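Enquirer: I am attaching a structure below and will ask some questions about it afterwards.
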Amino acid sequence: MTSTTVSAPSNIGLRSRVRASYLGLAVGDALGASVEFMTPREIAHRYGVHREICGGGWLHLKPGQVTDDTTMALALGEAILEAGSVDAAACARAFDAWMRSKPVDIGHTVRAGIAHYRRTGETAAPEDPMSAGNGACMRCLPVAIATLGAPPGKVRRASRTQAHVTHHNPLSDAGTETVILMLQGLFRGEALNQQLHRHAHPLGARHPEFAFRRRPCRNPSGFIAHTLRAVFESLFDTDTFEACLVEVVNRGGDADTTGAIAGMLAGACYGEAAIPRRWSKALDPLIRQRCTAQAEALLDLIEP
Ligand code: MG
Ligand code: MG
């Protein structure tokens, strides 16, 4: 483990970082899903250290299969590509179609938000103090790409447009926007350390729920602040893609989602070559292909 001196390799191009971010999301989801809802002690008893994409878990997944984290991000990315921007109606329609496709899992707040849209036609759920789950954040990657280069105010509005279909909550907004701004900094080749000081620490100063490293966040719940504390500790206190993901998923809890968010950030930071081949090979080939195709298509949207 190293501390805050880690910096992102600067010689990696934008396309490699964006593709790696998509693959990182899927790899982290597939790796973490095997141990979702297990405690660190249960994981240690069963696996020693969990470091292989092996399926199983409470969802009885095939090796390489992903969950809602990846498939919702892909649905959102398709909506952005179809509309040419982050459009509320397109997002809501895409999430509705995604739920009809009978995904392998679906979070409570996501289900309630899509049900609200079906009932009312409204593309934003009512603001709700109980909607501070991590479901809007786990799928935010396509927004980070589609708004790369836009002013921060526009980035935040786009983030809320997609988030509020299901998660209308200030803590969810703050966490999701922070992850998007960090992804964009890493896409531009900025150092990891800059993301720590510009985004992660200020988030904890604004909302103490997100303050991390006081005590390692083990067994993180689906509450956005627990999730991001585990992600930030794992991202900023390791110095490779693999070490970051192994660290975060072995904390258990909502491990597919911590894996997915850590995977997109670490992918953006370290680039494609840093993703272990055994992990990208283990990934469901159709998902791997959809992730890289969508990464390229979203980049074409912003730099045709
Ligand atoms: Mg999931
Ligand atoms: Mg999860």
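The values are calculated or read from the model by the stated rules, or taken from the named source; none is laboratory data. If you're wondering where the values come from, they're calculated on a predicted model, not measured in any experiment. With ideal geometry, Cβ positions are generated from the backbone for all residues, glycine too; neighbour counts draw on all protein chains shown. To get the accessible areas, we keep the full protein, side chains included, count just its heavy atoms, and leave off ligands, DNA and RNA. Shrake-Rupley method; radii C 1.70, N 1.55, O 1.52, S 1.80 Å.
Enquirer: Quick one: check the C-alpha center-to-center distance for region 207-267 versus region 75-137, whole angstrom.
Expert: Using only Cα atoms to place each centre, the spacing works out to 24 Å.
Enquirer: Continuing with the same structure: 7 Å from Cα along Cα→Cβ at both Asn193 and Lys154: what's the point-to-point distance in nm?
Expert: Between Asn193 and Lys154, the simple spin-label model gives 3.2 nm.
Enquirer: Here's another thing I want to ask about it. Contour minus end-to-end for Asp300 and Thr240, with contour as 0.36 nm per residue of separation and end-to-end as the Cα-Cα distance?
Expert: 18.8 nm
Enquirer: On to the next question. Can you tell me the relative contact order of the chain? Whole percent, Cα pairs under 8 Å, sequence separation 6 or more.
Expert: Numbers: 621 pairs, mean separation 104.5, N = 304.
Dividing the mean separation by the residue count of the chain yields 34 percent.
Enquirer: Here's a follow-up. How much mean residue ellipticity at 222 nm does the chain get from its helices, if each DSSP H run of length 4 or more adds -39500 (n - 2.57) and you divide by all residues, to the nearest 500 deg cm²/dmol?
Expert: Taking each H run of at least 4 residues, the total per residue is -18500 deg cm²/dmol.
Enquirer: With the Cα gyration tensor of the chain in hand, convert its eigenvalues to equivalent ellipsoid semi-axes via √(5λ) and list them largest first in whole Å. Please list the in-between numbers first.
Expert: Working: eigenvalues 124, 93, 79 Å².
After diagonalising the Cα gyration tensor, the semi-axes are 25, 22, 20 Å.
Enquirer: Out of the total accessible area of region 38-89 (probe 1.4 Å, heavy atoms of protein only), what percent is carbon and sulfur? It would help to have the intermediate numbers written out before the result.
Expert: Working: 1360 of 2570 Å².
Roughly 53 percent, rounded to a whole number.
Enquirer: Can you give the Rg to Rh ratio for region 161-270, taking only C-alpha atoms and Rh from Kirkwood?
Expert: Using Cα coordinates only, the ratio equals 0.93.
Enquirer: Return the Rg/Rh value of region 222-304, two decimal places, where both radii are evaluated on C-alpha atoms and Rh is the Kirkwood radius.
Expert: Reported Rg/Rh, Kirkwood definition of Rh: 1.00.
Enquirer: Something else about it: Once you mark the trypsin sites (Lys or Arg not before Pro) that are in a DSSP loop and have at most 14 other Cβ atoms within 10 Å, what is the longest gap between them in the chain?
Expert: Excluding the exposed sites themselves, the longest stretch runs over 1-187.
Enquirer: Report the label-to-label distance for Arg214 and Lys62 in nanometres (one decimal), using points 7 Å from each Cα along the Cα→Cβ vector.
Expert: Taking the simple label geometry, Arg214 and Lys62 are separated by 4.5 nm.
Enquirer: At 0.36 nm per residue, minus the direct Cα-Cα distance, what do Asp96 and Ala115 gain on full extension? Give it in nm, one decimal, please.
Expert: 6.0 nm
Enquirer: Further question on the same structure: If you plug each phi of region 182-189 into the Karplus form 6.51 cos²θ - 1.76 cosθ + 1.60 with θ = phi - 60°, what whole-Hz ³J(HN,Hα) values come out, in order, with x for Gly and Pro?
Expert: Using θ = phi - 60°, the values come out as 5, 4, 5, x, 5, 4, 6, x Hz.
Enquirer: Solvent-accessible area per residue for the chain at a 1.4 Å probe radius, Å²?
Expert: 39
Enquirer: Another one. With springs only between Cα atoms under 10 Å apart, run a GNM on the chain and tell me which of Ala115, Ala158, Ala88 wobbles the most.
Expert: Ala115
Enquirer: Tell me which lysines have Cα within less than 24 Å of Lys281's Cα, excluding those fewer than 8 residues away on the same chain?
Expert: In chain and number order, the partners are Lys62.
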